[in-house]
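Taking it in order: structure first as structure tokens, then the write-up.
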Amino acid sequence: MPLILSAFASGLLFGLGLIVSQMVNPAKVLGFLDIFGHWDPSLALVMGGAVAVSSLGYLVAKRRGVPVLAPRLEIPTRRDLDPRLIAGAALFGIGWGLVGLCPGPALVGLTFGPTEIFVFVAAMIIGMAVFRLVPADWPQVTFRREATRVDG
Amino acid sequence: MENFTPVSSLIGGLMIGASAALFLVLNGRIAGISGILGGLIPPERGHVGWRLAFLAGMFIAPLAYVASGAALPASELDASLPLLVVAGLIVGFGTRLGAGCTSGHGVCGIGRGSPRSIVATLVFMATAVATVFVTRHLLGM
């Protein structure tokens, strides 16, 4: 039960932060991404502030070694770059840039934003479900060496 | 620069960071929204409760914000329904394939110095900026 309550509190604080920072406003997000137009750098401060505090949290968590309420830390350990990571991030950026919604603000927008957000969230959930059908080794990038051609 | 809101943006950012820090120190988990939601599709035994609780907190945030007496900021979404569907599909699929979004890679991943998250964030920022450039300045959408 404490794990559920702390997850709820974290989600609440996360949502409030998205509202206060105006990340929940797709027009504001697009203004940040539009660095070749009337650029609004506000969201760089959102990211900067968020990263600063989250890194402090990471230091505290590492120092403690064990979380306060759970048996162990569940932190990703992979450090290698792979085609899935790059392709997934590239796709996500395209979708984000098309309408200015990423997953967090889209979910908060369900109880506050324009009703069209439901369409986006429904499509996002379908996209996540489609991902489950993808084989674990897709996409594969093979670096093909051109066969040495001997002209003659 | 006329829409620049440095103070509220910084405060909001600190709150998001505090949420990620709290969740890591208390629950030992990364506050990555696409991962928290994606883990429910399909639901994973033993990991449904905390995921739903985190999402419930997010859904309640606007109501709590209003209850505190503050006025909600604007939410201007100027996109056609087909575009919303396409963008939603790409965001859902892409964040799962790339194992994270703005929160998991951007806020939490960079915060712990993960090379994967730093690269992922650079990639999605670059394609997002490129997409806005193409739609706004080349296609005039």
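Quick note: the coordinates plus some simple rules give every number you see, no bench work behind them. Remember, it's a predicted structure, so these values are computed and weren't measured experimentally. FYI the Cβ positions are ideal-geometry reconstructions off the backbone, even for glycines, and counts take in every protein chain you see.
Given axes a ≥ b ≥ c from the Cα gyration tensor, I'd like to know whether chain B is rounded (a/c under 1.5), prolate (a/b larger than b/c) or oblate. Rounded is the answer for chain B, as its axis ratio a/c remains below 1.5.
Only helical runs count toward this figure. For chain A, summing -39,500 (n - 2.57) over DSSP H runs of n ≥ 4 and dividing by all residues gives -19000 deg cm²/dmol at 222 nm.
For region B:84-126, the gyration tensor built on C-alpha atoms gives a prolate shape. Its axis ratio a/c (a ≥ b ≥ c) is at least 1.5, and a/b is the larger of a/b and b/c.
Measuring nothing but how far apart in sequence close Cα pairs (under 8 Å, 6+ apart) lie, relative to its length, chain A scores a relative contact order of 27 percent. With the simple model of a label 7 Å out from the Cα in the direction of the Cβ, residue B:4 to residue A:64 spans 3.8 nm.
Remark: relative contact order (chain B) = 28 percent; criterion is Cα-Cα distance under 8 angstrom and separation of 6 or more residues.
Taking Cα centroids, how far is region B:46-94 from region A:86-108 in Å? After rounding, the separation between the Cα centres reads 13 Å. The ranking of A:39, A:138, B:50 by Cβ neighbour count inside 10 Å, starting from the fewest, reads A:138, A:39, B:50. If you bin every alpha carbon distance in chain A into 5 Å steps from zero, what whole percent lands in each bin? Histogramming chain A at 5 Å steps yields 1, 7, 11, 14, 16, 16, 15, 9, 3, 2, 2, 2, 1, 1, 0, 0 percent. For the protein assembly as shown, what class follows from the C-alpha gyration tensor (a ≥ b ≥ c being the square roots of its eigenvalues): rounded when a/c is under 1.5, otherwise prolate if a/b is larger than b/c, else oblate? Oblate, since a/c reaches 1.5 and b/c is not below a/b. Taking a Cβ cut-off of under 11 Å around residue B:25, the surrounding Lys, Arg, Asp and Glu residues balance to a net charge of +4, with basic ones at +1 and acidic ones at -1. Residue-wise HN-Hα couplings along region A:113-119, as the Karplus relation 6.51 cos²θ - 1.76 cosθ + 1.60 with θ = phi - 60° gives them from phi, are x, x, 4, 4, 4, 4, 5 Hz; Gly and Pro carry x. Cα centroid distance between region A:1-35 and region B:102-141, in Å? So the separation of the two Cα centres works out to 17 Å.
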